[in-house]
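For reference, the structure is listed below as structure tokens.
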Amino acid sequence: MSGTMDGTKQRRRGNTRQRIQDVALELFAEQGYEKTSLREIAERLEVTKAALYYHFKTKEEILVSIFEDLTRPITELVEWGTEQPHTLKTKQEIVRRYSEALADAAPLFRFMQENQATVRELRIGETFKHRMLSLRDILVDPDADLTDQVRCVSALFTLHAGMFVLQDMEADPEAQRKAVLEVAIDLITQAHQGA
């Protein structure tokens, strides 16, 4: 019986944590990270500051937890990719999965794009940079000519650019994501054929 009760408490705590993250990210996007206070987050959630402190002591803790939760698929992708043969099929699958991970974490990546100075100051900037370099190392054949290496790196940046540059265009977001993904896969395929 107590196991069930603990599980129920755990789910509720998880839901509260998720609500805090969602509201904080919303406020960070609306008015910027620096201009958002813990008090404002608590007010938007309609909880006391003490209730918010139970889960997170600082804004940075909230942002780091959002980053860790939403980028977990990228960490898992890097781990998977390092264990795979560096074939064209593997590289195309990495690009496909990375596109999905970016789409699932779009609000976070928009925040990161719009708050680059803040991201650089916090440890999430270094963590993200490390993950990007790890993906690059999986996709790029060090023996390939420079043009093909640039194509592989450009595939990653194409996925990122697609999130920001196309967001104002009038088209279905999923159709946009698929078009960007097609271009990124074309770049990987061209690079692999040149190798």
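Every read-out reported here was derived from the displayed coordinates using simple, explicitly stated rules and does not represent laboratory data. All values reported here derive from a predicted model rather than from experimental measurement. We place every Cβ from the backbone using ideal geometry, glycine too, and count neighbours over all the protein chains shown.
Numbers at a glance
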{"quantity": "Cα long-axis angle, helix 173-194 against the chain (0 to 90 degrees, to the nearest 10)", "calculated": "40"}
{"quantity": "Extended-chain gain in nm, criterion 0.36 nm per residue less alpha-carbon gap, residue 18 and residue 45", "calculated": "8.6 nm"}
{"quantity": "Theoretical ellipticity at 222 nm over the chain - DSSP helices of four or more residues, -39500 (n - 2.57) apiece, nearest 500", "calculated": "-27500 deg cm²/dmol"}
{"quantity": "Calculated Rg and Dmax of segment 90-156 using C-alpha coordinates, Å", "calculated": "13.4, 36"}
{"quantity": "Cβ-based exposure ranking for 54, 33, 98, in which fewest neighbours within 10 Å come first", "calculated": "54, 33, 98"}
{"quantity": "Long-range tail of P(r) for segment 60-194 (Cα pairs > 23 Å, %)", "calculated": "33"}
{"quantity": "Straight-distance crosslink candidates among aspartates and glutamates, where the alpha carbon sits under 13 Å from residue 49 and sequence neighbours closer than 8 are dropped", "calculated": "40"}
{"quantity": "Among 114, 68, 170, residue whose mean-square fluctuation peaks in a GNM of the chain (springs only between Cα atoms under 10 Å)", "calculated": "170"}
{"quantity": "Residues residue 110 and residue 54, FRET efficiency given R0 of 35 Å [Cβ-Cβ distance, rounded to 0.05]", "calculated": "0.80"}
{"quantity": "For the chain, built as a Gaussian network whose Cα springs stay under 10 Å, the top-fluctuating residue of 151, 44, 131", "calculated": "44"}
